[in-house]
Amino acid sequence: MPNNSTPPAYPHGNDSELAREALKTLRRAVEAHADPQQPVAMKVEDGGQLEMPRAAADLMMRILGKMAAGQGVTVVPMNAELTTQQAADILNVSRPYLVGLLESGEIQHRMVGTHRRVLAVSLYDYKRRTAVAQKDAADELSALGQDMGII
């Protein structure tokens, strides 16, 4: 991962169970704060209160969910520059396939000497666009199936 990302955190021992319990607690705290513009507040052991932005709480729930499932996690800032291999790993595609996406302009990148660098924000924008296109295609297929009486 890039220099400004966090090192991967892998669950060990009973970490998955701890993550599962923490996720339940955090989810209750988030659900108690219906307004997504308001910070999420929780009481902590010493009697104090922990407040965090809703976006941070949502991200923490995703992290805890992955750890509860036994998966390792890392955090990559949106301004991080990734190598083509790192970007391919995030998309779960081969590096040559990713290079094709870069060369076709599907994903923005820049050259550093002879090396391509992919901005994380561009990579995640591509992921979002393809997810929307996939959902639209699935919806269209479903509608066609219903029209034809198959579904």
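The values are calculated or read from the model by the stated rules, or taken from the named source; none is laboratory data. Small disclaimer: the values here were computed from a predicted structure and weren't measured. Positions of Cβ are generated from backbone atoms using ideal geometry, with glycine treated the same way; all protein chains shown enter the neighbour counts.
Couple of notes before you dig in:
- Taking the criterion of being within 26 Å of Glu17 (Cβ to Cβ), exposed (fewer than 15 other Cβ atoms within 10 Å of the Cβ) and either aliphatic (A, V, I, L, M) or modelled with pLDDT of 90 or more (or both), the residues of region 37-47 that qualify are Ala41, Val44.
- Residues considered: Ala68, Ala9, Ala19. Of these, the only one that is over 16 Å from the mean Cα position of the chain (by Cα), within 28 Å of Asp89 (Cβ to Cβ) and surrounded by 11 or more Cβ atoms within 10 Å (Cβ to Cβ) is Ala19.
- Of the candidates Lys24, Lys43, the single residue that is more than 19 Å from the chain's Cα centre (by Cα), among the basic types (Lys, Arg) and under 24 Å from Thr74 (Cα atoms) is Lys24.
- Screening Glu81 against (1) farther than 24 Å from Pro8 by Cα; (2) among the charged types (D, E, K, R); (3) in contact (Cβ under 8 Å) with a residue 60 or more places away in the chain leaves a single unmet condition, (1).
- Scanning region 105-116 for residues that are closer than 15 Å to Ala88 by Cα and either polar (S, T, N, Q) or surrounded by 18 or more Cβ atoms within 10 Å (Cβ to Cβ) (or both) yields a count of 4.
- Pairs where the first residue, in region 48-70, is more than 22 Å from Arg20 (Cβ to Cβ) and the second is not in a helix (DSSP H, G or I), C-beta under 6 Å, 6+ apart: Gln49/Ala41; Gln49/Lys43; Glu51/Pro39; Glu51/Ala41; Pro53/Pro39
- The residues listed here are Thr84, Thr130, Thr74; of these, the one that is farther than 24 Å from Leu59 by Cα and not basic (Lys, Arg) is Thr84.
- Test: residue in region 101-120 that is of a type in the set (A, V, I, L, M, F, W, C), farther than 19 Å from Thr74 by Cβ and in a helix (DSSP H, G or I): yes
- Qualifying residue in region 97-104 (condition: surrounded by fewer than 17 Cβ atoms within 10 Å (Cβ to Cβ), under 30 Å from Pro39 (Cβ atoms), of a type outside the set (Val, Ile, Thr) and without any contact (Cβ under 8 Å) to a residue 60 or more places away in the chain): no
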